[in-house]
Amino acid sequence: MMDDFKININRNIIPVGSGNKVIAQDKPLVRQNVNFENILNDKIQQQGSIKFSKHAQERLISRNVKLTQKDIESIDKAVEKAAKKGVKDTLIILGGTALIANVKSKTIITAATEESLKDNIFTNIDGAIII
């Protein structure tokens with residue numbers, strides 16, 4: 001029975017009266033996984049460029065869309081053009097990929113491919129850019 005009993009203490013032990021403050025950690029630090037989403041966001045933010053919402057990132061990954069640095073630069077320029085025209089939300093067509101961007105926040109909010117575009121209607125946009 002004693003073999004089944006284990007105590008796991010994940011806190012620093014400091015003698016009473018030592019004057020040191022103790023900061024308790026209930027959860028051990030866990031190294032964050034490096035994944036496509038993190039890498040993509042880091043690269044984009046390094047350039048002060050557009051961002052991709054989590055939803056848009058999931059769509060790009062699930063639909064196997066690979067954007068090159070040149071594609072991202074083209075999308076960024078398209079969003080800048082839309083901003084100059086006073087557009088709030090724009091549809092961006094890049095080859096066989098459609099992206100919806102919120103211009104003010106410079107964020108791609110969703111993405112679709114040619115296969116998933118059939119019979120779809122885009123709503124809540126006030127501009128469109130074809131790259």
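The values are calculated or read from the model by the stated rules, or taken from the named source; none is laboratory data. All values reported here derive from a predicted model rather than from experimental measurement. Here Cβ is always computed from backbone atoms with ideal geometry, including for glycine, and neighbour counts include all displayed protein chains. Remember, those area values only see protein heavy atoms, side chains included, never the ligands or the DNA or RNA. Shrake-Rupley method; radii C 1.70, N 1.55, O 1.52, S 1.80 Å.
Could you check, for segment 73-90, whether at least one of its residues is open to solvent by less than 80 Å² (accessible area, probe 1.4 Å), closer than 23 Å to residue 40 by Cα and in contact with an Asp or Glu (Cβ under 7 Å, 6 or more places away or on another chain)? Yes: one or more hits. Within segment 110-127, the set of residues being over 19 Å from residue 95 (Cβ atoms) and free of Cβ contacts under 8 Å to residues at least 12 places away in the same chain comprises 119, 121, 123.
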